[in-house]
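Since the structure comes first, as structure tokens, the remarks are kept for the end.
What follows draws every value from the coordinates through simple rules; no lab data is involved. All values derive from a computational prediction rather than experimental measurement. Cβ atoms come from the backbone with ideal geometry, glycine included; neighbour counts cover every protein chain shown.
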Amino acid sequence: MSEKEKAPDTTGHEWDGIKEFDNPLPKWWLWIFYATIVWGVGYTIAYPAWPMINRATAGVLGYSTRANVAEDIAAVEAQNAELMSQLASADLATIAEDETLHQFAVNGGAALFRANCSQCHGSGAAGAKGFPNLIDDAWIWGGRIDEIAWTVANGIRNEDSPDARGYGGMMQSFADILSPEEMDQVINHVLAISGQEHDAELAAAGETVYLDNCASCHGENGEGSLAATRSYEDPEVVYPDGEMTGAPRLSDAIWLYGGSEEAIHETLMNGRAGVMPAWSEEWRMPGLTEAEINAVAAYVHQLGGGQ
């Protein structure tokens, strides 16, 4: 049999009469393949690659993407150092008058809000059940920019900051205080003053129950603790921080935990004690610097709901 007629070598694999030839790979392809192996080994020696117990090998070139990022961050921080210093000591009540500083604060505050606050208050700050809406005008702890900064720094009813809003105070349970009949009466009274459908007879009887048990915090007409200590029409009036008890208005349609008959009943039975952590680096590690707290306050305040 001539060379041309010699049957080609096969791998021994055959499918439906189709055989797989055992042809050698082209030399140029093999050399490229070997070169990639050599290049790969060299790369793992030159750059960080091999995993160890708590780190990877550093590589003989000492290259580090983490170090590069740290250098970039340091460069940006150095560039913004003067503005951050101004922001840390700024009078928040007049910060909007400095357009450059205010814009810097709002942009930085937006990034900080998305990273630290949006998980509870939502990416657009519209809140959710149990987490306050920050774009409306209902502020139980004050909506002035300085009050927002104080709340961000110290939080609400947490165990970290002794200056937390509502520290030691909360909406108590009335399950053992009001009878079932009184509970129905005061619920209907709250429904009435908030403009919802209600039983008029029960609501009339519930007014006395409300005045005896609820008015001391929520106000005689359900105006809330903040409205009782400051006029909403005159938000520039400054009051000591201790005068706000965090009791919400009951005479509007804004409800943190729901304003239906069932939701109000649940609140009266179980009470409410929402908690917000303190974000100041004085109480939290890692926390926010004074400049960052002011930036968050500036961002939240300009969303439209701030007083």
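I'd like the orientation of helix 145-154 relative to the chain: the angle between its Cα long axis and the longest Cα principal axis, in ° from 0 to 90, rounded to 10. Helix 145-154 and the main axis of the chain meet at about 70 degrees.
Comparing P48, P26, P180 in a Gaussian network model of the chain, where Cα atoms under 10 Å apart are tied by springs, the biggest mean-square fluctuation is seen for P26. Close amide H contacts of M171 (hydrogens built in the peptide plane, cut-off under 5 Å, sequence separation of 5 or more or a different chain): R272. Rounded to the nearest whole Hz, the Karplus-based 3J(HN,Hα) values (6.51 cos²θ - 1.76 cosθ + 1.60, θ = phi - 60°) of the range 174-182 follow the sequence 10, 4, 9, 10, 9, 6, x, 5, 5, with x at glycine and proline.
Summary of the geometry: the range 58-95 and the range 266-307, compared by the centres of their Cα atoms, lie 24 Å apart. Amide H contacts of R165 (H built 1.01 Å from N, in plane; Pro and chain starts excluded): G155, I156, R157 sit under 5 Å, all sequence-distant by 5 or more or on other chains.
Between rounded, prolate and oblate, where does the range 246-307 land on the alpha carbon gyration tensor, with a ≥ b ≥ c its root eigenvalues, rounded for a/c under 1.5, else prolate if a/b exceeds b/c? Mind showing how you got there, number by number?
On the way: a/c = 4.29, a/b = 1.80, b/c = 2.39.
Taking the square roots of the gyration eigenvalues as a ≥ b ≥ c, the range 246-307 is oblate.
FRET efficiency for the A204 to D176 pair, using the beta carbon distance and R₀ = 30 Å, is estimated at 0.75. 3J(HN,Hα) couplings calculated from phi for the range 36-49 with the Karplus curve 6.51 cos²θ - 1.76 cosθ + 1.60 (θ = phi - 60°) are, in sequence order, 5, 5, 4, 5, x, 5, x, 5, 5, 7, 7, 10, x, 7 Hz; Gly and Pro show x. Measuring gaps between exposed loop sites in the chain (trypsin sites (Lys or Arg not before Pro); DSSP loop; at most 10 other Cβ atoms within 10 Å), the longest gap, sites not included, is 130-307. In sequence order, the range 52-57 has phi-based couplings of 10, 5, 10, 6, 10, 4 Hz under the Karplus curve 6.51 cos²θ - 1.76 cosθ + 1.60, θ = phi - 60°, and Gly or Pro positions carry x. Fully extending the segment from T11 to V69, taken as 0.36 nm per residue of separation minus the present Cα-Cα distance, adds 15.7 nm.
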